[in-house]
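Read-outs throughout are calculated quantities, based only on the coordinates presented, and are distinct from any laboratory measurement. This structure is a prediction, so every number in the text was calculated from the model and none was measured. We place every Cβ from the backbone using ideal geometry, glycine too, and count neighbours over all the protein chains shown.
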Amino acid sequence: GTLAAAWGGYLITVLNLCPAGQLDGGHMTYALSRRLHRVSSWLAIAMAAGAVVWSLFERQPPMYLLWVAVLGWMRDRHPPLLLERSPLGPLRVALAVAALVMFALCFTWFPVKFVD
């Protein structure tokens, strides 16, 4: 029970750090650069779709199928910032980059894997 709850919380936290749409990772990416947000949003959709295709070839459950739909619905849409011209300070840039690195290190291609 406790392990399953921890795993679920971990997975949801990592997915929320995805640099797309209006997820927390998307907000950080948008604050860094609007162009980076657009590129990372479409890259995240492509990666999730690739994970679905890969899981089908590996005969694993396509766990990111719903995630492809969610990311496709959000795409690269993001509301404008209140102070678009105001640059981020170096500490905030470092924190945003650290969070995006954390996402890259914690992302798993197969959150559920069947074992023969």
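Scanning region 50-62 for residues that are within 21 Å of Met102 (Cα to Cα) and in contact (Cβ under 8 Å) with a residue 12 or more places away in the chain yields a total of 1.
The set of residues in region 55-112 being loosely packed, with under 11 Cβ neighbours inside 10 Å, aromatic (Phe, Trp, Tyr) and within 23 Å of Val39 (Cβ to Cβ) consists of Trp73 alone. Against the test of being surrounded by 12 or more Cβ atoms within 10 Å (Cβ to Cβ), closer than 23 Å to Val115 by Cα and of a type in the set (Gly, Ala, Ser), the options Ala48, Ala31 yield a single qualifying residue, Ala48.
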